[in-house]
Each structure stands twice: as structure tokens, then as C-alpha cells.
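Following: one structure in C-alpha cells, then a few remarks.
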Amino acid sequence: MVKFKVVRLCKEDAMTIVPTNMARYDLEKAAGLLREAGYEVDDKGVMVTAASERREITLYPSGRMVVAGIDGKEEAGQVAEATYSVLEPARE
């Protein structure tokens, strides 16, 4: 499992998730895995955005994520754990 830290952005409803260890993700594979998990996905090449319910996740190849539509650090951490679990097969 990916270890990470949650960093507050200037917006109240968005947080950045930063892996504490080196990680690389195949974004094309990640996009497919997120679609299979029920997310609406937009693969922009250099990043993938995934929307589900009221949340939006932006994933970068380094494993860094921006999670929007959340109510605080605890929820951001829960979303990150669930997302990293889905993305494990895309990890290089």
C-alpha cells in the first residue's frame, strides 16, 4: 500500500495527496482501472481526472493526487486509500 501525506490547498474543499515513497503509475492503465471502478474518467495524457459522486480526483504519474469535494483531511485520506487500492495494478 502507498504511504502518503495529506496537504491542504488554499481551497477548503481540496487537498493534495503526496506519496512519501517513490511511485510511478501508468496513467493509461490507471484510467481503465478507474473506469472499471465506476468513475467518470478523462485521460489528459499528463494527468487523469476521475469524478465520482461529489468528488473529483486528479492523478499524476508520480502518484500525487488532488482530491476535491471533500470535507477535510480525514476524508481526503480515506479517498486516497481507496483510490490507491484501485490503482495498485497500474503501479510501475
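Screening the candidates 23, 30 for the property of being touching a residue at least 24 places away in the same chain (Cβ under 8 Å), assigned to a loop (DSSP other than H, G, I, E, B) and aliphatic (A, V, I, L, M) yields one hit, 23. Number of residues in region 38-88 that are more than 19 Å from residue 4 (Cβ to Cβ) and assigned to a helix (DSSP H, G or I): the value is 0.
Within region 1-20, the residues that satisfy the criterion of being assigned to a loop (DSSP other than H, G, I, E, B) and at pLDDT below 90 are 1, 2, 3, 9, 10, 11, 12, 13. Only a single criterion out of (1) among the charged types (D, E, K, R); (2) surrounded by fewer than 13 Cβ atoms within 10 Å (Cβ to Cβ); (3) at pLDDT 95 or above is not satisfied by residue 29, namely (2). With respect to residue 54, is the statement that it is touching a residue at least 24 places away in the same chain (Cβ under 8 Å), surrounded by fewer than 18 Cβ atoms within 10 Å (Cβ to Cβ) and in contact with a Gly (Cβ under 8 Å, 6 or more places away or on another chain) true? Spelling it out, it is not the case that residue 54 is touching a residue at least 24 places away in the same chain (Cβ under 8 Å), surrounded by fewer than 18 Cβ atoms within 10 Å (Cβ to Cβ) and in contact with a Gly (Cβ under 8 Å, 6 or more places away or on another chain).
The values are calculated or read from the model by the stated rules, or taken from the named source; none is laboratory data. Quick caveat: nothing in here was measured; it's all calculated off a predicted structure. FYI the Cβ positions are ideal-geometry reconstructions off the backbone, even for glycines, and counts take in every protein chain you see.
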